[in-house]
1. Considering only residues that are closer than 20 Å to Leu91 by Cα, more than 15 Å from the chain's Cα centre (by Cα) and outside any strand (DSSP E or B), which ones fall in segment 1-40?
2. Which one is nearest to Ala121 (Cα to Cα) among residues in segment 204-248 that are loosely packed, with under 14 Cβ neighbours inside 10 Å and not hydrophobic (A, V, I, L, M, F, W, C)?
3. For Arg74, only one of the following conditions fails: (1) part of a strand (DSSP E or B); (2) in contact with a Ser or Thr (Cβ under 8 Å, 6 or more places away or on another chain); (3) loosely packed, with under 15 Cβ neighbours inside 10 Å. What is its number?
4. In segment 130-147, what residues are closer than 25 Å to Leu60 by Cβ, in a loop (DSSP other than H, G, I, E, B) and in contact with a strand residue (DSSP E or B) (Cβ under 9 Å, 6 or more places away or on another chain)?
5. If a residue must be within 20 Å of Lys178 (Cα to Cα) and at pLDDT below 95, how many such residues does segment 240-261 contain?
6. Say whether the condition of being at pLDDT below 95 and among the aliphatic types (A, V, I, L, M) is met by at least one residue in segment 60-68.
7. I'm checking my understanding of the structure. Among residues of segment 222-271 that are touching a Cys at 6+ places or on another chain (Cβ under 8 Å) and part of a helix (DSSP H, G or I), which one is nearest to Asn171 (Cα to Cα)?
8. Looking only at segment 185-214, count how many residues are in a loop (DSSP other than H, G, I, E, B) and not β-branched (Val, Ile, Thr).
Amino acid sequence: MQTFPISLVVMTYNEAHTIARCLDSVPFAAEKLVIDCGSTDDTIAIAEACGARVVHQDWLGFGPQRNFAQSQCRHDWILALDADEYLSPTLIAEMTTALPGVLASDKAAVWLRRSLIYMGAPMRWYRPAVGERMARLYHRGRARWRDVRVHESLEFQGASGELKAPFYHLNNRSLLEKQLKVLRYSELKCHDWLDRAKPVRMWQTPWVFVLAFFKDYVLRLGLLDGWRGFAISQTAAAYAVYKRMRYFEMTHDPDSVATASAALRRHQLDH
């Protein structure tokens, strides 16, 4: 297959079970770059076997880690994927047709559509999981990731493009792994709130659960995906509540910050 002067960038930490599929799904990238923050499984060996260049960088937080990654690329145009994401055959075909025009343009970024695989099957109705619009192909001189610990997004000004075919996201192999991720992401978000001295508003918390669940289950059509839609809506609402309770704890018991960090490290979640 023809290659193009773009860099595929993937950030990893113990992703041996998914990294090969991710890297192999982008056959047209002239460079495949893996930024690893200390994997103890076979991630690095598998990535190198797939033709990737591996660079070690201790974890900086999602936004800073992505910005570090783009500084290591050999090409200005970058495709950013997570290790549990991969391109569909239809998106590969669409991108190989569109890339010559994109690379020659003054666009800052191209929007892609992400579809979620949850509990072993694609979600069919839940709106955030069906064609979620994400800026993942971009020019590093015209775009930059928000400098936050978690829930980073690409910031850019100027023209953008859009492709229609999906790429896929394997959203955790089990509910257990999802809950572990919730704990980790909550901790990162709370640290961002501490840095900004965000006010504590625990009185909102009961309503947060009700409104978050209603938004995902009803307004975002989770109910049409059956019990999988119920599970994903409940998990999202519980996350919204838990991070507020955890932030309340951090502000009232500062010692809990260090003890929680130690617990996350014991379970290999704090990287």
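The values are calculated or read from the model by the stated rules, or taken from the named source; none is laboratory data. The structure presented is a predicted model; accordingly, all values stated were derived computationally and were not measured. FYI the Cβ positions are ideal-geometry reconstructions off the backbone, even for glycines, and counts take in every protein chain you see.
1. Matches in segment 1-40: Met1, Gln2, Thr3, Ala20, Arg21, Leu23, Asp24, Ser25, Val26, Pro27, Phe28.
2. Only one residue tops the list, namely Gly226.
3. (1)
4. Arg140, Arg142, Arg146
5. Residues that pass the stated criteria total 2.
6. Checked against the condition, which is being at pLDDT below 95 and among the aliphatic types (A, V, I, L, M), segment 60-68 yields at least one hit.
7. Our first condition is that a residue be touching a Cys at 6+ places or on another chain (Cβ under 8 Å); within segment 222-271, this holds for 243, 246-247, 250, 271.
Narrowing the set further to residues that are part of a helix (DSSP H, G or I) leaves 243, 246-247, 250.
Working: Lys243: 20, Arg246: 24, Tyr247: 25, Met250: 29 Å.
It comes out as Lys243.
8. We begin by selecting, within segment 185-214, every residue in a loop (DSSP other than H, G, I, E, B); these are 197-201.
If we keep only those that are not β-branched (Val, Ile, Thr) as well, we get 197-199, 201.
Selection size over segment 185-214: 4.
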